[in-house]
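One structure is given below, represented as structure tokens, and several questions about it will come after.
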Amino acid sequence: MPPFVSLAVAILFEIMATSMMPKTQSFTQPITTAVVLSCYAVSFYLLSITVKTMPLGIAYAIWSAAGIVLVSLVAWLWHGQHLDLGAVLGMALIVAGVIVINLFSNVMQ
């Protein structure tokens, strides 16, 4: 599996797990807790596959930026949570940093 594919799927599982975490009610709901932990397990397994061929720092930067933005989007759409201007600007800077790393760093070559 190409590293960007395994990373993308890992990010999706991490987003599912994190987005479902409030439903565990502090891990007191066994079924939801099992789903969340399973999603995290799959996510970390796929991340471990990714870092075999992609530098850890780059993989984690992409993971973090995508996770922050996408979990915030899910929280807005499904949980009704809102972000202020500072939060949006901060996330934009994080994403911009990852773009700079991927476009201008020789670490992936």
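Read-outs: derived from the displayed coordinates by stated rules, not from any lab. Quantities reported herein were computed from a predicted structural model and do not represent experimental measurements. Cβ coordinates were reconstructed from backbone atoms using ideal geometry, including for glycine residues, and neighbour counts include every protein chain displayed.
Stokes-Einstein D for the chain at 25 °C, 0.890 mPa s, Kirkwood Rh over Cα pairs, in µm²/s?
164
At Tyr40 and Lys52, where each label point lies 7 Å from the Cα along Cα→Cβ, what is the point-to-point distance in nanometres?
Going by the 7 Å Cα→Cβ label model, 2.4 nm.
Would you please put 52-58, 76-82, 36-42 in order of how densely packed they are, using the mean number of other Cβ atoms within 10 angstrom per residue and starting with the highest?
Output ranking for 52-58, 76-82, 36-42: 36-42, 52-58, 76-82.
What order do you get for 15-26, 90-101 when each peptide is scored by the mean count of other beta carbon atoms within 10 Å, highest first?
15-26, 90-101
Quickly estimate the mean residue ellipticity at 222 nm for the chain, helices only: each DSSP H run with n ≥ 4 gives -39500 (n - 2.57), and the total goes over all residues, rounded to 500.
-26500 deg cm²/dmol
Can you give the relative contact order of region 7-58 as a percent, counting alpha carbon pairs under 8 Å and 6+ residues apart? Spell out each step's value before the answer.
On the way: 38 pairs, mean separation 24.1, N = 52.
Reported relative contact order: 46 percent.
List the relative contact order of region 3-104 as a percent without decimals, with contacts defined as Cα pairs under 8 Å and 6+ residues apart.
Once normalised by length, the contact order is 31 percent.
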